[in-house]
Amino acid sequence: MGLFYEKLFRRALFGLDSEVAHERGVQGMTLLGAVPPLCRALEAWSRLPAGTRPVEAFGLKFPNAVGLAAGFDKNAQAWPAAAALGFGHVEIGTVTALAQPGNPKPRMFRYPAQEAVINRMGFNNEGAVAVAARLARQAGPGARRIPLGINLGKSKVTDIDKAAEDYLASFALLADYADYLVLNVSSPNTPGLRQLQDESRLRELLGAVTRANRERAEQPGKRRVPVLLKIAPDLTWPQIDAALGVIAEFALDGIIATNTTLARPGFFAKVNEAGGLSGAPLRRRSTEIIYYLARATGGRLPIIGVGGITDAASAGEKLDAGATLVQVYTGMIYRGPFFAAELARALAERQRN
């Protein structure tokens, strides 16, 4: 399937502006999701061999270890087709409390020779109210083919001192529809957002969200939603230690490592584009952080590994480093829509051996 994609479709898509190609991908996946019989047939094709054990993490079961990272389906349009493409879970967003257009275009740039992307999208999305309304018309928790995560960010116009209130507004609107929630405090493309990784601000945010989650679970018919934190690859080890201390204090359910990087290694030292770098150049750093997190927590904190996954070897090394699950996005740009199915099969075979 990968070779088929490269010969017939990748050249055409790569002839388009990066963001336009992304929009075409979302549209295609949305159309696929509107044809359930075709989805079920593709899902049967991509299903792992009988006897393959599901992956269990933060109280959920995942049919395989490969997820679609946040950033692809920002507005909950395309995710119903994710299982048909072989994904074991999907994370939508980033969603903000207020609708926002994101940063000025152009804001997404491909580097095929390096299998990398730089983006400065800036959380462009329709806002939590619109996303909640769309999710209300779709399959909900317990009725889905695969778990759905919802990635939450801060609205750009919200002052950093009001960040907790902004996240709480999104939490109140979207928690009913999430199998798990992610607090994204690590995108480099919203001014000041990464300040929320500072220990004092992180404590305020996690305290507010976990309190709201407890109160929610006390209501009839409601449940506590697993909450994860997504961190940047540019944190120092002491900063990671501080974040882990706050995560432990508020008993978060997991961590996602990592977001895109502001570093410009090798070839990218001479690239003059602002934004977060993703893809193969991030592989080593994200794996180092996963390894550190797993050992610092004694393997007790579930980790979703993201960054630089382009094949089974790069996914496998993240699992070996201590990740429970992995997510892809940039890798799918270069490998095609059935990359997840191929990766999940390879990881399942690896597990059996």
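For (1) in contact (Cβ under 8 Å) with a residue 12 or more places away in the chain; (2) assigned to a helix (DSSP H, G or I); (3) farther than 15 Å from Gly336 by Cα; (4) charged (D, E, K, R), each residue gets a yes or a no:
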{"residue": "Ala12", "(1), (2), (3), (4)": "no, yes, no, no"}
{"residue": "Glu19", "(1), (2), (3), (4)": "yes, yes, yes, yes"}
{"residue": "Arg40", "(1), (2), (3), (4)": "yes, yes, yes, yes"}
{"residue": "Thr52", "(1), (2), (3), (4)": "yes, no, yes, no"}
{"residue": "Gly102", "(1), (2), (3), (4)": "yes, no, yes, no"}
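Every test in (1) more than 12 Å from the chain's Cα centre (by Cα); (2) among the small types (Gly, Ala, Ser); (3) assigned to a loop (DSSP other than H, G, I, E, B) is passed by Ala84 save one, and that test is (3).
Does Pro238 count as farther than 23 Å from Pro80 by Cα and either touching a helix residue (DSSP H, G or I) at 6+ places or on another chain (Cβ under 8 Å) or not in a helix (DSSP H, G or I) (or both)? Answer is no for this residue. Are any of the residues in the stretch 253-262 over 24 Å from Gly67 (Cα atoms) and either more than 18 Å from the chain's Cα centre (by Cα) or acidic (Asp, Glu) (or both)? No; the residues of the stretch 253-262 include none that is over 24 Å from Gly67 (Cα atoms) and either more than 18 Å from the chain's Cα centre (by Cα) or acidic (Asp, Glu) (or both). For Ala251, the criteria (1) aliphatic (A, V, I, L, M); (2) surrounded by fewer than 19 Cβ atoms within 10 Å (Cβ to Cβ); (3) in a helix (DSSP H, G or I) hold in every case but one, which is (3). Note on the stretch 271-298: residues that are assigned to a loop (DSSP other than H, G, I, E, B) and closer than 21 Å to Ala313 by Cα total 0. Hey, can you tell me all the residues within the stretch 156-211 that are farther than 30 Å from Ala136 by Cα and part of a strand (DSSP E or B)? Result: no residue meets the conditions. Across the stretch 334-353, the number of residues qualifying as assigned to a helix (DSSP H, G or I) and over 16 Å from Val90 (Cβ atoms) comes to 11.
Per-residue answers, yes or no, for (1) at pLDDT 95 or above; (2) buried (at least 23 other Cβ atoms within 10 Å of the Cβ); (3) in a loop (DSSP other than H, G, I, E, B):
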position: Phe109; (1), (2), (3): yes, no, no
position: Phe123; (1), (2), (3): yes, yes, yes
position: Ala130; (1), (2), (3): yes, no, no
position: Gly140; (1), (2), (3): yes, no, yes
position: Ala143; (1), (2), (3): yes, no, yes
position: Gly149; (1), (2), (3): yes, yes, no
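The values are calculated or read from the model by the stated rules, or taken from the named source; none is laboratory data. All figures in this text were calculated on a predicted structure; none of them were measured in a lab. All Cβ positions, even for glycine, are placed from backbone atoms using ideal geometry, and neighbour counts span all protein chains on display.
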